[in-house]
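The values are calculated or read from the model by the stated rules, or taken from the named source; none is laboratory data. This one's a predicted model, so the numbers in the text were calculated from it and none came from an experiment. For neighbour counting, all protein chains shown are included, and Cβ atoms are generated from backbone atoms with ideal geometry for every residue, glycine included.
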Amino acid sequence: MLFNIVPKSRRDELFNFEGELDDLVNSLGLNPMTIIIGMRRTGKTSLLRVALNECKYPYMYIDPRFSVAPDYRDLAYLMKNSLEDFLNRYRDLRDKVVDVMKKVKGVNIRIPGFDVEVSWGKQGKLDLPSLFEALDRLGGSLGKPMVVAIDEAQELRKITWISFDRLFAYIYDNLRNIRVVLTGSEVGLLYRFLRIDDPTAPLYGRYIHVVRTRRLNYSESLEFLKKGFEEVGVDIPEDFLRRAVEVIDGVIGWLTYFGYTCYTNIDLCRSGVDEVINIAVEMARQELENFLSSRRSPRYRYILKILATEKRWSEIKKLLEYFEGRTINDRTLSELLRELVNLGIAEKIDDKYALADPLIRKAVEKL
């Protein structure tokens, strides 16, 4: 269903992303490392999950959304959950998985039940390189690649005691049966985390295939809503849909949420487009408040309001100085803007900056 608000898992649930999907599936078979990048709510997780099902290769899915300051125990539980998910999906491979994991320090698979224990104490704690070596042996025994998929991979930067760029470079160079695929909404942070542009970094100079998600154009957005409402048997006037398309500006996650809200609450939908949009805007506002609560300086609140419309660097500086009633160092402002771009909150197009998400732009009016 197009209006399903959970990440998609089948090709027929995607909309107009056939090119990106085919590119990703092809890359999983050919390239040691692939990254999927794009702004929030443009379908990266859905694209990844559909591709994993389409490619027919065994895969381990890792979702590293940690607390602010994770410890080794958090990492151990992450790998435990990922391995148990893998064992549940590939029951026919259980014996082979148990066999290859016997030599992995810190991992024990209990039989019967196939429960996974991962150690994090000083004695016998998990050794990640040996875990990936075991997955490589598994792929070799099956005669096909083993995919390691990490969603929102920039979250791994919170694991400060492991050099993941070095680990990925080791996998790239030595483990021929493993394909690594990463997604990232905070594109700048993902690139900084991987250090792929740093000549001194382990991954520098290695080919990494990039797949980009995108906004839908106006006609695609309108077609998406029409098909979605047709699929659920709800008749919505076209002028209503056109108004929604104008506001949402091609972000497929918001289009999906709009359609889902309308078809599950027809009375609300009949109240008008803005009533439905306001629910999504409130979600966006809460996300902004969560972001601001993690930043001590009130300066972030000011600059978010300034970036609700496109501004040049000089215009941003002038307005920010007006709000704060003092001069601001050029370098300080540049670093602040760079951080917002790296986080995927703002974008820079030519010489202008603006908030990337159209509903975030509306949400800042309520801050």
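For segment 67-76, the candidate set comprises residues that are among the aliphatic types (A, V, I, L, M) and outside any helix (DSSP H, G or I); within that set, the residue that is farthest from the chain's Cα centre (by Cα) is Ala69. Selection of segment 243-300 for residues being hydroxyl-bearing (Ser, Thr, Tyr) and crowded, with 17+ Cβ neighbours inside 10 Å yields Thr256, Tyr257, Tyr260, Thr261, Tyr263, Tyr300. Scanning segment 162-188 for residues that are aliphatic (A, V, I, L, M) and either buried (at least 19 other Cβ atoms within 10 Å of the Cβ) or touching a strand residue (DSSP E or B) at 6+ places or on another chain (Cβ under 7 Å) (or both) gives Ala169, Ile171, Leu175, Ile178, Val180, Val181, Leu182, Val187. Counting only residues that are within 20 Å of Arg137 (Cα to Cα), under 29 Å from the mean Cα position of the chain (by Cα) and free of Cβ contacts under 8 Å to residues at least 40 places away in the same chain, segment 105-119 holds 3 of them.
Taking helices (runs of 4 or more DSSP H) that do not extend beyond segment 125-217, which have at least 2 residues that are of a type in the set (Val, Ile, Thr) and modelled with pLDDT of 95 or more?
No helices (runs of 4 or more DSSP H) qualify here.
Glu117 fulfils the conditions (1) in contact with a Pro (Cβ under 6 Å, 6 or more places away or on another chain); (2) farther than 19 Å from Thr45 by Cβ; (3) part of a strand (DSSP E or B) except for a single criterion, (1). Do you know which of the residues in segment 340-364 that are touching a residue at least 60 places away in the same chain (Cβ under 8 Å) and in a helix (DSSP H, G or I) is surrounded by the most Cβ atoms within 10 Å (Cβ to Cβ)? The selected residue is Leu359.
The residues of segment 322-338 that are touching a Leu at 6+ places or on another chain (Cβ under 9 Å) and either part of a helix (DSSP H, G or I) or in contact (Cβ under 8 Å) with a residue 12 or more places away in the chain (or both), listed by number, are Leu333, Leu336, Leu337.
One line per residue, one yes/no per condition, for (1) farther than 25 Å from Ser46 by Cβ; (2) assigned by TED's automatic domain parsing to the domain that holds Asn329; (3) among the hydrophobic types (A, V, I, L, M, F, W, C):
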residue: Tyr207; (1), (2), (3): yes, no, no
residue: Phe224; (1), (2), (3): no, no, yes
residue: Gly253; (1), (2), (3): no, no, no
residue: Lys305; (1), (2), (3): yes, yes, no
residue: Leu319; (1), (2), (3): yes, yes, yes
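Before we move on, is Val273 under 21 Å from the mean Cα position of the chain (by Cα) and hydrophobic (A, V, I, L, M, F, W, C)? Here the answer is no, as Val273 does not meet what is asked.
Go through (1) under 21 Å from Glu186 (Cα atoms); (2) surrounded by fewer than 20 Cβ atoms within 10 Å (Cβ to Cβ); (3) among the β-branched types (Val, Ile, Thr) and name the single condition Ile111 misses. It fails just one condition, (1).
If you go through segment 77-114 one residue at a time, how many are in the same structural domain as Ser67 (by TED's automatic domain parsing) and not in a helix (DSSP H, G or I)? Number of matching residues: 1. The residue that is nearest to Asn177 (Cα to Cα), among those in segment 16-37 that are more than 18 Å from the chain's Cα centre (by Cα) and in a loop (DSSP other than H, G, I, E, B), is Pro32. May I ask you to verify whether Leu304 is within 24 Å of Leu190 (Cβ to Cβ), touching a strand residue (DSSP E or B) at 6+ places or on another chain (Cβ under 8 Å), surrounded by 12 or more Cβ atoms within 10 Å (Cβ to Cβ) and touching a residue at least 60 places away in the same chain (Cβ under 8 Å)? Taking the combined requirement at face value, the residue satisfies it. Looking across segment 130-143 at every residue that is surrounded by fewer than 16 Cβ atoms within 10 Å (Cβ to Cβ) and touching a residue at least 24 places away in the same chain (Cβ under 8 Å), the one that is farthest from Gly38 (Cα to Cα) is identified as Ser141.
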